[in-house]
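Trainee: Right, I'll just put the structure down here and ask away after.
The values are calculated or read from the model by the stated rules, or taken from the named source; none is laboratory data. Worth saying up front: this structure is predicted, and the values here are computed from it rather than measured. So basically every Cβ, Gly included, is an ideal-geometry build from the backbone, and we count neighbours across all protein chains shown. Accessible surface is based on the protein model in full, side chains and every heavy atom, while ligands, DNA and RNA are left aside. Shrake-Rupley method; radii C 1.70, N 1.55, O 1.52, S 1.80 Å.
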Amino acid sequence: MQEATLILIKPDGLKKSLTGNILTRLSETKLEIVAAKIVRVSRELAEAHYAHLKNEPFFPELIKYIQGELHDRRKVMALIYWGEEAIVKCRRLAGVTNPEQAESTTIRGAYGRITTSGLYENVVHVSANRVDAEREIKLWFMPDEIIVDLFPTKEIIKSHLRLRIWV
Ligand code: UDP
Ligand code: MG
């Protein structure tokens with residue numbers, strides 16, 4: 001069954017110049033990249049993405065982390081990988097959440113660390129299951145930014161939309 005998964009190269013991954021490395025590892029899956037962009041993460045997006053963790057003691061630090069405030073890199077790279085068993089394939093390559101427990105052959109095991117305050121800086125985000133993947137993809141991407149139709153869409157006409165265009 002074809003499915004899609006959201007991958008984020010988190011600010012620590014960008015700061016450590018791991019983008020090429022991570023994309024090479026992910027290419028082993030033979031999945032297709034169907035969307036990609038660099039995102040400046042707003043507080044709203046950060047809090048929505050990690051809404052399931054909002055009662056955790058590390059939540060404020062986690063929001064700073066994904067917004068890039070801990071690494072002086074206010075951006076993440078967001079991609080959607082698509083194909084057979086995309087979620088489990090990417091999750092397996094990424095490794096488990098705790099980078100100390102992740103196998104050293106995985107991305108998190110190889111490049112992640114735990115900060116002195118206990119936060120897991122684990123280099124990548126990878127959707128954990130289908131429900132998470134759909135929710136996260138819809139948060140991070142608009143339908144027209146993705147080259148395949150993943151989920152049902154509808155058309156609307158917005159008349160007072162303010163846009164910036166090239167001069
Ligand atoms: N996290 C953490 N400590 C924890 C659990 C999570 O620092 O005890 C951070 C870590 O960066 C993780 C993110 O919060 O990637 C989201 O947590 P989740 O449980 O969704 O794990 P994931 O899906 O990223 O493996
Ligand atoms: Mg998760």
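Trainee: Could you work out Rg/(2.2 N^0.38 Å) for the range 34-147, with Rg from alpha carbons only? Don't skip to the answer; put the middle values down first.
Mentor: Numbers: Rg = 14.1 Å, N = 114, 2.2 N^0.38 = 13.3 Å.
Dividing the Cα radius of gyration by 2.2 N^0.38 Å gives 1.06.
Trainee: Another question about this same structure. Calculate the tail of P(r) for the range 5-49: the fraction of all Cα-Cα distances greater than 14 Å, expressed in %. Numbers along the way, then the final one.
Mentor: Details: 586 of 990 pairs.
Cα-Cα pairs in the range 5-49 separated by more than 14 Å: 59 percent.
Trainee: On full extension of the chain, what length is gained from V148 through E61, given 0.36 nm per residue of separation minus the C-alpha to C-alpha distance?
Mentor: On the way: separation 87, 0.36 × 87 = 31.32 nm, distance 3.48 nm.
Separation in residues times 0.36 nm, less the Cα-Cα distance, equals 27.8 nm.
Trainee: Say each of R92 and E47 gets a label point 7 Å from the Cα, pointing the same way as Cα to Cβ; how far apart are those two points in nm?
Mentor: About 3.8 nm separates the two model spin labels.
Trainee: Something else about it: Could you work out the local net charge near L93, counting Lys and Arg as +1, Asp and Glu as -1, over the other residues with Cβ closer than 11 Å to its Cβ?
Mentor: +3
Trainee: Let me ask something additional. Can you tell me the FRET efficiency between N129 and R74 if r is taken as the Cβ-Cβ distance and R0 is 35 Å, rounded to the nearest 0.05?
Mentor: Numbers: r = 29 Å, r/R0 = 0.83.
Calculated value: 0.75.
Trainee: To the nearest µm²/s, what D does Stokes-Einstein give for the range 26-86 at 10 °C and 1.306 mPa s, using the Kirkwood radius over alpha carbon pairs as Rh?
Mentor: Details: Rh = 13.2 Å.
Estimated via Stokes-Einstein, D reaches 121 µm²/s.
Trainee: I would also like to ask the following. Hey, any idea what % of the chain's accessible area is carbon plus sulfur with a 1.4 Å probe? Could you put the intermediate results ahead of the total?
Mentor: Details: 5440 of 10390 Å².
C and S fraction of accessible area: 52 percent.
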